[in-house]
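The values are calculated or read from the model by the stated rules, or taken from the named source; none is laboratory data. The structure displayed is predicted, hence computed values, not measured ones. Virtual Cβ from ideal backbone geometry, glycine too; neighbours counted across all protein chains shown.
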């Protein structure tokens, strides 16, 4: 119920909520049938309703939100109220460096972005929110006009397509942008305005930080294939789990054809007897390992060598030379450390596993009420 001169409600979000800042004090309060934001002890303009959530900049120094007054909505940033609009389509969003903000609105038949209070070009629809690059120097979003869907990057509208089928991918150095698009029932990736080969569909995009390496999964005539640096690879029934090695020189993915399963590394198929649950490169990128599930059991395959079967595997730890991989195998309620063909005694609990040079490793263990610091020789 609403009563004049009575406080309607008090909102104080918890840490981690969208309207909370660890460094600043704010809340939404109401009085006399109106609501307003109190920021750092100062009450801001009142509205019929303050729409949640409130948005803080990454540095916690700026606050943005939307207030509803009658049928109109207003964006408010640092206490300054912008022009009215009919509906907010994207909440106030701050750039990573906290120096810029943007939001998306509808007014009449037009939808447009507002960047630092500057209205951008009108479109029939904005199909995405505004995205800032990591260095805050570039702004992009997806729009729709009669000619089709396009990406608007830094105010420049790109080539129209039938559909933009992904969000925007900015490179780690913020010099490149990529997305997927569809035209005449064919889908492809677009990197810096250049189209890749077209397929029935594409997905699972993977890029190196500078975009020099690119990989994704494509579907063509009912088959799946990896496309690595623009080159289509062998076709399978299913492909997934794309990965680059730490040095970015190698590529791996999982593949299946009927009942056959492989880990494919640089185009070479390594067969698996069971379902591959996880895999990876060694830190030096020279070797591969994966965990496969065989019924209710799991085992490690490292550098083509198959380990013993366990109920569970974890705590994978590499030697300094990356030529050995130690891990904890779990059978029932007991655990043991395994490296190569060596296995420690069983313990109730194991933690802090680490190599102590190339010829030994150490770990902490509990056996009943006894705690041990175990040194395991590898020769």
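Brief remarks on what is shown
- Those strands (runs of 3 or more DSSP E) of segment 320-377 in which 2 or more residues are crowded, with 20+ Cβ neighbours inside 10 Å occupy 325-331, 334-339, 349-355, 360-367.
- Sole exception among (1) modelled with pLDDT under 95; (2) surrounded by fewer than 16 Cβ atoms within 10 Å (Cβ to Cβ); (3) within 26 Å of the chain's Cα centre (by Cα) for residue 109, by number: (3)
- Applying the condition of being touching a strand residue (DSSP E or B) at 6+ places or on another chain (Cβ under 7 Å) and under 19 Å from residue 322 (Cβ atoms) to segment 364-379 and asking which residue is modelled with the highest pLDDT yields 376.
- The one condition in (1) more than 30 Å from residue 332 (Cα to Cα); (2) not in a strand (DSSP E or B) that residue 308 fails to fulfil: (1)
- Residue in segment 313-328 that is within 26 Å of residue 259 (Cα to Cα), without any contact (Cβ under 8 Å) to a residue 24 or more places away in the chain and under 31 Å from the mean Cα position of the chain (by Cα) present: yes
- Qualifying positions in segment 302-321 - touching a strand residue (DSSP E or B) at 6+ places or on another chain (Cβ under 9 Å) and within 23 Å of residue 356 (Cα to Cα): 302, 303, 307, 313, 314, 315, 316, 317, 318, 319, 320
One line per residue, one yes/no per condition, for (1) without any contact (Cβ under 8 Å) to a residue 24 or more places away in the chain; (2) at negative phi:
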residue: 96; (1), (2): no, yes
residue: 108; (1), (2): yes, no
residue: 115; (1), (2): no, yes
residue: 130; (1), (2): no, yes
residue: 135; (1), (2): no, yes
residue: 141; (1), (2): no, yes
residue: 195; (1), (2): yes, yes
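Let's see how each residue does on (1) in a strand (DSSP E or B); (2) over 24 Å from the mean Cα position of the chain (by Cα):
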residue: 215; (1), (2): yes, no
residue: 218; (1), (2): yes, no
residue: 226; (1), (2): yes, no
residue: 235; (1), (2): yes, yes
residue: 246; (1), (2): no, no
residue: 255; (1), (2): yes, no
residue: 263; (1), (2): yes, no
residue: 284; (1), (2): no, yes
residue: 300; (1), (2): yes, yes
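- Members of segment 132-169 found to be surrounded by 19 or more Cβ atoms within 10 Å (Cβ to Cβ) and over 22 Å from residue 183 (Cα atoms), listed by number: 132, 133, 139
- Selection within segment 323-349 - more than 18 Å from residue 378 (Cα to Cα) and touching a strand residue (DSSP E or B) at 6+ places or on another chain (Cβ under 6 Å): 330, 331, 335, 347, 348, 349
- Taking segment 86-194 as the region of interest, the strands (runs of 3 or more DSSP E) fully inside it that hold 2 or more residues being under 16 Å from residue 64 (Cβ atoms) are 87-94, 101-107, 110-115.
- Subset of segment 89-106 that is over 13 Å from residue 54 (Cα atoms) and surrounded by fewer than 21 Cβ atoms within 10 Å (Cβ to Cβ) - its residue that is nearest to the chain's Cα centre (by Cα): 96
- Residues (farther than 14 Å from residue 78 by Cα and under 34 Å from the mean Cα position of the chain (by Cα)) located in segment 34-57: 49, 50, 51, 52, 53
- Those residues of segment 170-194 which are surrounded by 14 or more Cβ atoms within 10 Å (Cβ to Cβ), farther than 22 Å from residue 245 by Cβ, at pLDDT 95 or above and over 17 Å from the mean Cα position of the chain (by Cα), in sequence order: 181, 182, 183, 186, 187, 188, 190
- Inside segment 197-220, residues that are at positive phi and surrounded by 18 or more Cβ atoms within 10 Å (Cβ to Cβ) make up a count of 1.
- Meets criteria (over 23 Å from residue 346 (Cβ atoms), touching a residue at least 24 places away in the same chain (Cβ under 8 Å) and surrounded by fewer than 20 Cβ atoms within 10 Å (Cβ to Cβ)) for residue 266: no
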